[in-house]
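Take a look at the structure below.
Laboratory data are not the source of any read-out in this text; all were calculated from the coordinates shown. Everything numeric here is computed off the predicted structure, so don't read it as measured data. Cβ coordinates were reconstructed from backbone atoms using ideal geometry, including for glycine residues, and neighbour counts include every protein chain displayed.
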Amino acid sequence: MEYALEGRTGSWEVVVGLEVHAQVISRSKLFSGAATAFGAEPNTQVSFVDAAFPGMLPVLNRVCVEQAVKTGLGLNAAINKVSRFDRKNYFYPDLPPGYQISQYEHPIVGKGEIEIERADGSTKLVGITRLHLEQDAGKSLHDQHPTKTFIDLNRAGVALMEIVSEPDIRSPDEAGAYLRKLRSILRYLGTCDGNMEEGSMRADVNVSVRKHGEDGYRTRCEVKNVNSIRFAMQAVEAEALRQIEVWESGEAVRQETRLFDSGRGVTRAMRSKEEAHDYRYFPDPDLLPLVLEQAWIDDLKAHLPELPDAKKARFMRDYGLSAYDAGVLVAERTTALFYETVAKGRDPKLAANWITGDFFAALKRTGRTIENPPVTAERLGQLLDLMVDNTINGKIAKDVFEVMVNRAVSIHDSASATDTFDAVLTQTIDPAAIVDELGLRQVTDTGAIDAAVDKIIAANPDKVAEFRSGKDKLFGFFVGQVMKAMQGKANPALVNETLKRRLT
Amino acid sequence: MLTDLTIAEGRDGLRERKFTAVELTLAHLHAIEALNPRLNAYLSVGHAQAVEQARAADVALAGGDTRPLLGIPLAIKDLFCTAGVRTTAGSRILMPFIPPYESTVTANLLRDGAVFLGKTNMDEFAMGSSNMTSHYGPVENPWKRRQDPTAVLVPGGSSGGSAAAVAARLAMGGTGTDTGGSIRQPASFCGLVGVKPTYGRCSRWGVVAFASSLDHPGPFARTVRDAAILLGSMAGHDPKDSTSADVLVPDFEAACQRPIKGLRIGVPKEYRSDGMPGEIETLWRQGAAWLREAGAEIVDVSLPHTKYGLATYYIIAPAEASSNLARYDGVRFGLREKGEDLRDLYERTRAEGFGAEVRRRIMIGTYVLSAGYYDAYYLRAQKVRALILRDFTEVFAKVDALLTPTAPSAAFAHGEKMDDPITMYLNDLFTVPADLAGVPAASVPGGLDADGLPLGLQVMARPFDEETLFAVAAALERAAGFSALPTLRAGG
């Protein structure tokens, strides 16, 4: 099931490598003590270092180094015990010193790999070329004044990890799977929040095309600053189609930097190689080489959280889940945590079915996230308990769940302060209380079931005759009728048992 | 005269209440009023602030405070950022710039009770060996040629203002920075002691950067002991400078008393240049003889890569400068020239704000870092720098210190050596290697040339062994008995 694009001259293969800029989770910037919180008033999180005042010097933030090494370990990558910071020189008003401190020749993390899952369920390894630390630039605001550009330096100097993949990706789907997997690993590690809307994760997409079976790579173009996984996937296809068009018209693709216009679904040229800056990289003389102790790296490694691949394997092994269900449940650390809270001491498959089924559907319907769910893991677990101990049956459980969700939403909508929401939620959305309140307790009283069964048999003599003459399929009809008569509250096993006894 | 006192004498006199800190400071302020209009050593004088600091020092002295620099008036090179006090780096592009912070080195001096008289003139962004590249006009060396007393001589550079101020008794001591010789060469030209400590000994935080891997803050004084007192205050580990060394600051003043008997002093044969006056060669031999008489063993040594020092320096320093000076773009502080668009704003601001020498070095530095030239220039220069450092490491396995001339000439006149930049760069021939290697070095006045101008001898020592540096420098000072005075000086 290889992805291919058909051109006039035949079938083309797409070759993609991704450079992801992931903002490091840390309280202060890479080389200054200024804060990094998102959404602060412009220029309120700027130190003299960030603004490049004369005589100011960078001091490396140890936390950022730790985050980069943890990420490297999470990508199964080589950690370089000696790395170096270089200056990338260019003039722009949102780059106060006139250079960005980055790691050019000697990055902190070397080769690694990520396993991605393709749409058909097969897996594939995508190589990681390197990961390096660098500073973000500030923000230029061109739309605040008719003739002026405003500069916000809050972001200037914030630590980024640039994570570069090998050109191993061969389709938009693989590009999407790679980005999702990378984001998942970053979130598991707590090294980047992966929030593409806020710009804390951005991707540069390198695309080239070649004929199937062709050796080597053709000229690639870099599509800069794509800010969603969906756009990255679209950009791959759009850029590949453009390049095929160029090659097939007898011309050659020029190496250049391009932008993805998500509105029109096309890429357009930003600057060509000839216009490219000469960044004049050289080692930053204000900083010494970064030297890491093996013992320190080992310690970080020992305290690394369980990552998605390991967790998935464990879920399959310990909980007997299918690869698919396990994959869905581990994709986000918070989902896995939710699942394990529900599954603890309960039927793990039942928990998985409920979370991937009704619970996800409820998230989607209410527009909530797993971090802020309408029903907490504890409450969902209690609902499952009511089913297992036969207080309610599965059908009623779904109804009770709907009630829980709807009440949570209405409480939330009327709650004045959101931080009290969880407390309110936990107290009022009690599944056992709802069952009692609505009188949904399962009927296990055999007398009541006997009576209902007798009534249905008496009302349908022709169906009874058909059944007895061998039309087994009619059994379901009788079950349905009895359940209906008992408002769905009857214990299904008892109903089955009684019906079987009476009908045969 | 109060202005003739050394720092050590001033310190003792203050403690013994022979005079007050206010009197000491006012004596210097009056001297500045009298002579600075001619010398142009100070770019700004903080009269009120200095008197206020002196008054506070008097109160502290009365309370028995014994901080090492309490009440001592100093001159501060205008490359050090001083909180609330205009800082220019000798450039138009930082006009106006008033730093909201105090450099670590000047903060250390203030912590120890120093009084700041003002900010001193310098070559623009410390790029020069004559103080002629200052946007605020040249500095006059207070020393005069016997035969030609009307000739205006340069004080050397880039820390020419501090050197002239200390020589003319307009301050008891001063700060400088040495990137290629900017403390030692002006010290030699002005008959002073100038010390460039080990790289990492004094924090660069708050010092306007020229070439980060080469910039060394250090002191000027009229005696070795005074320089030791000042360095003891300026030095120390600073977590705000990643290249600052986390090593203890020993008692440099005490080290000046150390005997040098048994020390091995190397005399490197490569420290000679074409056209170097015979009297410098003679002084060098004399210096070696003085040290031998004091009990040291003189050893002929070789630092074979010395001849590449200047070329290496004039690649690395401009390369770093081209990047360090990119921040002067007219956007956030200092000069801004209006432009048609962003690029035009940059070009006009930097063309108007930087002088010719700074522009030249930015262009050289940009060139040597450019794609296609990086390997041939910058990378090769870094390799040669490593060889120069290896020369020192090897020679310091055999000797404890090195003795050389400080500069290949005495002070020259305004207008001389200014035909082309290379002639000027040759001034740094003997001082540049210690900057490239980061080893500590000092210039000590050794004697006068035939014109009556001071000549300095340079001592170099192992990294972080300033104690040996001071011991050898003090031995030279004792033997030389240098007592000549500049023509232009307070009360002179």
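Quick look at the numbers
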read-out	value
For the protein assembly as shown, calculated [θ]222 nm from helices alone, where every DSSP H run of n ≥ 4 adds -39500 (n - 2.57)	-11500 deg cm²/dmol
Proxy reagent accessibility, fewest Cβ within 10 Å first, across A:192, B:81	A:192, B:81
Exercise: per-residue mean of other protein chain Cβ atoms within 10 Å, B:207-220	2
Per-residue average of Cβ from other chains inside 10 Å of B:240-251	2
Length-normalised contact order of the range A:306-437 in % [C-alpha pairs under 8 Å, at least 6 apart]	19
Proximal lysines to residue A:211, defined as alpha-carbon separation beneath 29 angstrom and excluding residues fewer than eight positions away on the same chain	A:111, A:124, A:181, A:224, A:273
Student exercise, the range A:142-297 dipole from Lys, Arg, Asp, Glu Cβ charges, in Debye to nearest 20	320
Inter-site label distance for residue A:252 and residue A:504 at 7 Å from Cα along Cβ, in nm	8.1
In nm, spacing of pseudo-spin labels at residue A:438 and residue A:288 (7 Å Cα→C-beta vector)	6.7
Length-normalised contact order for chain A - Cα pairs under 8 Å, 6+ apart - percent	13
Sites residue A:104 and residue B:485, calculated FRET efficiency, Cβ-Cβ separation with R0 56 Å, nearest 0.05	0.55
Angle between chain A longest axis and helix A:308-319 axis [Cα atoms, degrees, rounded to 10]	20
Note, ³J(HN,Hα) from phi for the range B:422-431, Karplus 6.51, -1.76, 1.60, rounded to Hz, x at Gly and Pro	4, 4, 5, 4, 4, 4, 8, 3, 8, 9
Highest average packing first - A:475-483, B:462-470, Cβ atoms within 10 Å	B:462-470, A:475-483
Cα centre as origin, Lys/Arg/Asp/Glu Cβ charges: the range A:5-278 dipole, Debye	480
Shielding score for B:361-372, defined as the mean number of other chain Cβ atoms within 10 Å	2
Segment residue A:304-residue A:81, extension gain: residue separation times 0.36 nm, minus the distance between their alpha carbons	78.4 nm
Most positive-pole-ward Cα, B:408, A:160, A:58, against dipole of the protein assembly as shown from beta carbon charges	A:160
Karplus-derived 3J(HN,Hα), 6.51/-1.76/1.60, for each residue of the range A:373-390, Hz, glycine and proline x	x, x, 10, 6, 4, 4, 5, 4, x, 5, 5, 4, 4, 5, 6, 5, 8, 6
Built amide H within the under 5 Å cut-off of residue B:153, gap 5+	B:141, B:414
Derived scalar couplings ³J(HN,Hα) [the range B:334-345; Karplus, 6.51 cos²θ - 1.76 cosθ + 1.60; whole Hz; x for Gly, Pro]	x, 5, 9, 9, 5, x, 5, 8, 4, 4, 5, 4
Longest DSSP-loop-exposure-free segment, trypsin sites (Lys or Arg not before Pro), chain B, at most 14 other Cβ within 10 Å	B:19-145
Cα centroid separation - the range A:153-169 against the range A:193-248, whole Å	16
For residue A:7, residues with placed amide H under 5 Å, excluding near neighbours	A:12
Dipole of the range A:306-437, positive direction: furthest Cα of A:322, A:429, A:357, with charges on the beta-carbon	A:322
Computed magnitude of the charge dipole of the protein assembly as shown (debye, nearest 20; Cβ of K, R +1, Cβ of D, E -1)	460
Chain B: relative contact order in percent, alpha carbon pairs under 8 Å with at least 6 residues between	18
Given charges at Cβ of Lys, Arg, Asp, Glu: chain B dipole, positive-most of B:209, B:72, B:312	B:72
Between the range B:111-183 and the range B:307-379, the alpha-carbon center distance in angstrom	25
Residues with amide H under 5 Å from that of residue A:29, placed H, sequence gap 5 or more	A:34
Evaluated at q = 0.09 Å⁻¹: base-10 log I(q)/I(0), Debye formula over Cα of the range B:88-245	-0.26
Potential extension, residue B:23-residue B:342 segment - 0.36 nm per residue separation minus Cα distance	109.6 nm
